[in-house]
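The values are calculated or read from the model by the stated rules, or taken from the named source; none is laboratory data. Predicted, not measured: the structure shown is a model, and the values here were computed from it. Because the Cβ atoms are built from the backbone with ideal geometry, glycine has one as well, and the counts that use them run over all protein chains shown.
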Amino acid sequence: MRSELTTTVSKRFRVVCDVDWMKAAGVRGIVMGRRIMFADAACDIPRWLFRHELEHAYQQIREGVILFYLKYIYYSVRYGYKANPFEAEAFKKQVLPLTTHEEQLLWKLKDGSPK
């Protein structure tokens with residue numbers, strides 16, 4: 001199941017690095033629409049952060065884009081950022097090891113070769 005989701009993410013989402021407004025705002029990673037964005041210029045993304053943002057991409061696939069954002073905003077207003085169920089899920093899963101498919105996706109972002 002997770003490998004199918006990773007394949008879907010790699011087909012549907014575009015990863016963008018070196019996003020200036022994120023650096024200015026102190027945001028390291030974010031999923032907006034079909035973009036997974038990171039502030040780091042070299043796409044040298046820590047595994048935990050990559051896994052956290054991937055979880056948000058998986059959530060979008062599971063919920064649907066519009067419903068995900070409506071719920072995300074509602075939960076953030078009602079419960080706050082850290083208690084938002086989507087964030088709680090991503091924080092919980094960011095400590096899990098990357099799957100083989102997720103590692104391959106991360107390698108493609110960096111220099112194309114396994115570390």
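A compact table of results
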read-out	value
One residue from 79, 58, 69, 75 being under 13 Å from the mean Cα position of the chain (by Cα) and among the aromatic types (Phe, Trp, Tyr)	58
Meets criteria (within 20 Å of residue 9 (Cα to Cα) and surrounded by fewer than 15 Cβ atoms within 10 Å (Cβ to Cβ)) for residue 65	yes
Selection within the stretch 29-46 - of a type outside the set (Val, Ile, Thr) and in contact with a strand residue (DSSP E or B) (Cβ under 7 Å, 6 or more places away or on another chain)	29, 34, 35, 37, 38
Given (1) assigned to a helix (DSSP H, G or I); (2) in contact with an Asp or Glu (Cβ under 9 Å, 6 or more places away or on another chain); (3) within 18 Å of residue 13 (Cα to Cα), number of the condition residue 102 does not satisfy	(2)
Filter result (free of Cβ contacts under 8 Å to residues at least 60 places away in the same chain, in contact with an Asp or Glu (Cβ under 8 Å, 6 or more places away or on another chain), surrounded by fewer than 19 Cβ atoms within 10 Å (Cβ to Cβ) and not charged (D, E, K, R)) within the stretch 17-41	30, 41
Identity of the residue in the stretch 42-57, assigned to a loop (DSSP other than H, G, I, E, B) and surrounded by fewer than 20 Cβ atoms within 10 Å (Cβ to Cβ), that ends up modelled with the highest pLDDT	46
Evaluation of residue 95 against (1) buried (at least 16 other Cβ atoms within 10 Å of the Cβ); (2) out of contact with any Gly (no Cβ under 6 Å at 6 or more places or on another chain) (one fails), failing number	(1)
Hey, residue 82 in a helix (DSSP H, G or I) and surrounded by fewer than 18 Cβ atoms within 10 Å (Cβ to Cβ) or not	no
